[in-house]
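J.: Quick one: the structure is below, and I'll ask about it shortly.
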């Protein structure tokens, strides 16, 4: 019963507020004027444009936009930007070269490269490998590696001497692997590696 009384009182108060406000109107105001002034009695709220103002007018430029290049999607680094550089051990368990840092993933869908036998490296999950045969003494960069895997890439490559491999990963990133050690008995190969973003 108390709840019904409170509800009734609240209803009466809500009905009286516009009437009391209209009594403040200049004399000679009729019901039409009271209806016209009713919106002024509502609580002051933020302008209708406030939600739009709380969002930035335009998103800040990404690093690639500031550099004048764009990637294939938001947050995607531009093609050829260095993703990772360090020494990389490849053995018979496939490594994911597209991870933040290359990591062994077994024979999962993310695996990119692994050793085969004693002196060969294989691609997994669409990864393409090409032995660099450039005529210069310098190591290939992103563009050169990208071109060579596009033209002569296969799913395996032989390892010998100071071999330099170019790799296109399952996600399309480009890697350069310079052989520094080959452990035939353990079927492991150590590389100086650079991985570039595909963009």
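J.: Any chance you could count how many residues in the range 171-190 are in contact with a strand residue (DSSP E or B) (Cβ under 8 Å, 6 or more places away or on another chain) and not in a strand (DSSP E or B)?
T.: Matching residues across the range 171-190 total 2.
Condition check ((1) at pLDDT 95 or above; (2) farther than 19 Å from residue 190 by Cβ) across all residues:
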site	(1), (2)
90	yes, no
108	no, yes
138	no, yes
141	yes, yes
147	yes, yes
150	yes, yes
154	yes, yes
164	yes, no
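J.: Can I ask one more? Looking only at strands (runs of 3 or more DSSP E) that fall completely inside the range 109-164, which ones have 1 or more residues that are crowded, with 17+ Cβ neighbours inside 10 Å and either at positive phi or in contact with a helix residue (DSSP H, G or I) (Cβ under 8 Å, 6 or more places away or on another chain) (or both)?
T.: Hits in the range 109-164: 128-131.
The values are calculated or read from the model by the stated rules, or taken from the named source; none is laboratory data. As the structure is a prediction and not an experimental result, all values here were calculated from the model. No Cβ is skipped: glycine too gets one built from the backbone with ideal geometry, and neighbour counts run over all protein chains shown.
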